[in-house]
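Step one of this worksheet: look at the structure below.
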Amino acid sequence: MHRILHYVPVLLLIAGLSAGFKPKPTTKPIVLAYVGGFRGLIDADNIAAEKLTHINYAFVNVQHNRATLTNLATDSTNFRKLNELKQRNPDLKILISIGGWSWSENFSDAVLSDTSRTAFAASAVDIVRQYQLDGIDIDWEYPGMKGEDNVFRPEDKENFTLMFKSLREQLNALKQQTGKDYLVTTAVPGFEEIFTHTNMGQAQQYMDYVNVMAYDYFTGGPLAGHHTNLATPSKDYKGQSGERNIELFKKAGVPANKLVLGVAFYGRAWQLQNDDPKQEPRTIAKVERGGGYTFIKDSLLTNPAYKRYWDKKAKAPYLYNADLKRYVSYDDEQSIKEKCRYVKKQGLAGVMFWEYFNDPKTYLLSEINRELK
């Protein structure tokens, strides 16, 4: 079901709306959860609101150059239920996250011109206004390069920045009406190509936080490896890690206090061709399902067929089932502890994770809270 939204007028006469933006200093690191509403109604009653500072609601679609609620009945109910969590945690912020892997195909068209950017930003801001939310997160996968089946063009590099400028201007205009501060954030991958197709140093001035997706380093094939490691293992041919990603964003001009380190509440799994999980490269026979961390902890870590290993160089765990030649990469309490300590040591904004209901028993979220408090 599609709905045409009435847009908030752009108050372009307000001076300084697009001036360089600086987030208010926080006393402790943020804990930001992505909550998937794309499946339908969410179980908001079982969200540990007291352990979170932000919820990014995933996802809002991009259709006809507008931010669009494609499941209006469930989305509107979810917004109401998420807002009710503020009764338990008055400081909790609820944002819409636009795009994601499956709904990023139309970003490039939506922000191609001044006119389309203004209309796109207005449609997003109107969702925030209508449902009394706290801001907008952009998860464009990917500007200037191929994602799933997205349109992309060279102009995306400049338009990426201009999109955030327009969002900030219009949210500031909304603030003039409501007296309320609004957030602008983005979720971005850590691989180096993203810096060729964006100007993060310019774009970040309009943002509160940059959520670095420090996971999915290995997904399909032909090789398996750590998919969400903090440090770089010496033999990993990709050389990807959370630490390396953060350094790339700093080098691109994003201040440390705006960077949010992403952690994975789910695992990735493969059947290996050889029977030694330490032998690299880990050539795969097939991709398998890893499952969420509650499943991994309750069903795999308790299964004697699976042996847990800890890679000291990568600061990451993995499981191996010798009978099935099954290799599972994931985050656990030990790796979460390492990541939280890194966040504090580096003065980062905090941590974010995908996705809340992959760990409904809050094993990892509880560890995050212990470390960051």
*Count of the range 220-249 residues which are of a type in the set (Ser, Thr, Tyr) and at pLDDT below 95*: 3
*Does Glu158 satisfy the condition of being surrounded by fewer than 20 Cβ atoms within 10 Å (Cβ to Cβ) and not in a loop (DSSP other than H, G, I, E, B)?*
yes
*asked:* Let me spell it out: the conditions are (1) farther than 17 Å from Asp156 by Cα; (2) modelled with pLDDT of 95 or more, and Ser104 meets all of them except one. Which number is the exception?
replied: (1)
*Among the residues of the range 294-316, is there at least one that is at negative phi, part of a loop (DSSP other than H, G, I, E, B) and of a type in the set (Val, Ile, Thr)?*
yes
*Of (1) buried (at least 23 other Cβ atoms within 10 Å of the Cβ); (2) under 18 Å from the mean Cα position of the chain (by Cα), Glu355 satisfies all except one. Which?*
(1)
*Go through Asp311, Asp323 for me and flag whichever is touching a residue at least 60 places away in the same chain (Cβ under 8 Å) and of a type in the set (Asp, Glu).*
Asp311
_Within the range 286-311, tally of residues that are buried (at least 18 other Cβ atoms within 10 Å of the Cβ) and of a type in the set (Ser, Thr, Tyr)_ = 3
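The values are calculated or read from the model by the stated rules, or taken from the named source; none is laboratory data. Quick caveat: nothing in here was measured; it's all calculated off a predicted structure. In this analysis, Cβ positions are derived from the backbone assuming ideal geometry, glycine residues included, and neighbour counts consider all displayed protein chains.
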